[in-house]
1. Assuming R0 = 30 Å, can you tell me the calculated FRET efficiency for the pair residue B:57 and residue B:10, based on Cβ-Cβ distance, to the nearest 0.05?
2. In whole Å, what are the Cα extents of chain A along the three principal axes, biggest one first?
3. Separation between the residue A:239 and residue A:192 pseudo-spin-labels, each 7 Å from Cα along Cα→Cβ, expressed in nm?
4. Once Rh for segment A:152-276 is found with the Kirkwood sum over Cα pairs, what is the Stokes-Einstein diffusion coefficient at 20 °C and 1.002 mPa s, in µm²/s?
5. Using the basic label-point model (7 angstrom from Cα toward the beta carbon), what is the residue A:232 to residue A:62 distance in nanometres?
6. So if each residue of separation counts as 0.36 nm, and I subtract the Cα-Cα distance between residue A:159 and residue A:100, what length gain in nm does that give?
7. Gap in Å between the Cα centre of segment B:152-168 and the Cα centre of segment A:14-76?
8. Taking every residue in B:81-94, how many Cβ atoms of other protein chains lie within 10 Å of its Cβ, on average?
C-alpha cells in the first residue's frame with residue numbers, strides 16, 4: 001500500500017510537469033487531482049511517489065501523453081441529464097435558429113465524444129444539422145481519437161438508450177449505430193462536418209466565436225482561479241446573447257466575471273452572455 | 001447522556017454514509033436534531049444515478065434544518081446539512097469547499113461514500129466524525145478506516161439494529177470503531193456532541 005500523497009508532493013509534481021512539458025496542473029482541484037495520481041501509482045505499480053517523480057523526470061513525450069490520458073477524467077454518457085437535452089431541443093436551439101441562418105457550437109472538453117453525438121442526433125431530429133458548425137476540443141489527444149472513431153462499448157448503450165428516451169428522442173437510439181465486433185459503431189454521417197481539435201483550456205486562448213458553448217463537468221476539476229480564467233476565454237468566444245452551458249451542479253456565481261452572464265435556466269445551468 | 005461525556009469538542013464536521021435500509025434511520029435522526037445544530041453534516045446516501053430530483057425533497061419533509069445538494073466549489077457552512085447529488089461524487093477540498101466529480105464509479109456507486117469520507121478526513125483530519133449506517137455493500141469501510149487513522153471519531157449503526165448490516169460490519173472488520181449504536185443511540189450521541197461543541201462556543205463568548 002502506497003503512503004498517502006501529501007499536498008507538497010503534488011506541488012513538486014506539478015512544477016516538474018510544468019518545467020518539462022509545459023502543462024500546468026497547478027490549478028487543478030486538489031481532491032480529484034490527488035485521486036487521479038493515486039490511481040496512476042496503483043495502475044502503473046509505482047513503488048512510491050518518488051518513483052513516479054523520477055519517471056516523469058526522464059520519460060519521453062509519448063509516455064507523458066499516456067499520463068495525461070490517465071489524469072483527465074473521461075467518464076461520460078450520451079444525453080447525460082436528459083432534462084437538459086429537452087431544454088436544448090425545445091428552447092435553446094430553436095431560439096438560436098430563429099435568429100440565425102447558421103450557428104456554431106463548441107464542445108469544450110468533449111472527451112470520448114458522446115456529447116457531440118448527442119448534439120448531432122438532436123440537431124438531425126430538428127432537421128437543422130446542416131445549419132450548424134460544430135467544433136469539439138479536448139486536451140487529451142488519445143481521447144480525441146476515440147471521439148473521432150465513434151465506437152462505444154455496447155454495455156454503455158443501454159444507459160445511453162434510456163437517457164435518449166428520457167430526452168424525448170424522436171426514434172430509438174438503435175437508428176444511429178450498428179453493432180460490430182462487440183462495439184456500437186456510431187453513424188459517422190452525423191459528425192462528418194465536426195472539427196475535432198486539441199485545445200488546452202488551461203493555457204490556450206479563444207480561437208473563434210460561437211453561439212453556444214457546452215462545457216459540462218469539466219471545470220469541476222479546476223480550482224476557482226482557473227475557473228475565472230477559463231470563463232474569460234468562454235466570454236471572449238461567445239457572441240453577445242449566446243449561450244454557455246455547464247454541468248447541472250456547477251455554478252458561475254463565484255467567478256469574477258459572472259456579472260457578464262445571466263441565468264436562463266438555473267436547473268439546467270444555462271447561462272447567456274449579456275455584457276461584452 | 002453520561003456515556004458520551006468524554007466526547008471532545010475539536011470537531012468541525014460530521015460525515016454520514018448510508019445505503020439500503022438507511023432511509024428510515026436518517027429520517028429519524030434528521031427529525032431529532034435541533035434547528036441550531038452547530039456542525040455541518042455532509043451525507044452520502046446511495047441513490048439512483050439517473051433520478052436527479054425527489055430525494056432531497058423527501059428528506060426535507062422531516063428535517064428541522066433544510067438539506068441542500070451542494071454545487072461544486074460551494075463553501076461548507078455551520079448549521080447546514082448537505083446531501084451528495086445524483087450521479088456525482090461529492091468530495092471535500094482544502095479551503096472548506098465541496099468538490100464534485102464525475103469520475104468512475106467506486107464500489108459500484110456514484111456518489112461513493114468512500115470518496116466523501118476519504119476526502120473529508122484528508123481535510124479535517126482528527127476534527128471529523130464519521131457515521132456509517134445500514135447498507136448492502138462495502139462502500140464506506142475504507143473511508144472509515146481513513147478517519148480512524150487520522151484520529152477522527154468513528155460511529156457505526158449497530159449491525160444488530162441494521163436492516164442490512166454489510167456496510168457497518170465491513171467497517172468494523174477493517175478498523176477500530178469508537179461507538180456502535182442503535183438509531184436512538186446515534187441521536188443521543190449527536191445531541192451530546194452538539195452540547196459539547198456549543199459549550200466551547202459559549203466559553204469563547206464570555
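1. For R0 = 30 Å, the calculated efficiency reads 0.30.
2. On the principal axes, chain A reaches 56, 50, 28 Å in Cα extent.
3. 2.5 nm
4. Rounded to a whole number, D works out at 128 µm²/s.
5. Calculated label separation equals 3.8 nm.
6. 17.9 nm
7. Their Cα centres are 37 Å away from one another.
8. Mean partner shielding for this stretch: 3.
Every number here is computed from the coordinates shown, using simple stated rules; none is lab data. Note that this is a predicted model, so its numbers are computed, not measured. A quick note on method: Cβ atoms are made from the backbone with ideal geometry, for glycine too, and the neighbour counts reach across all protein chains shown.
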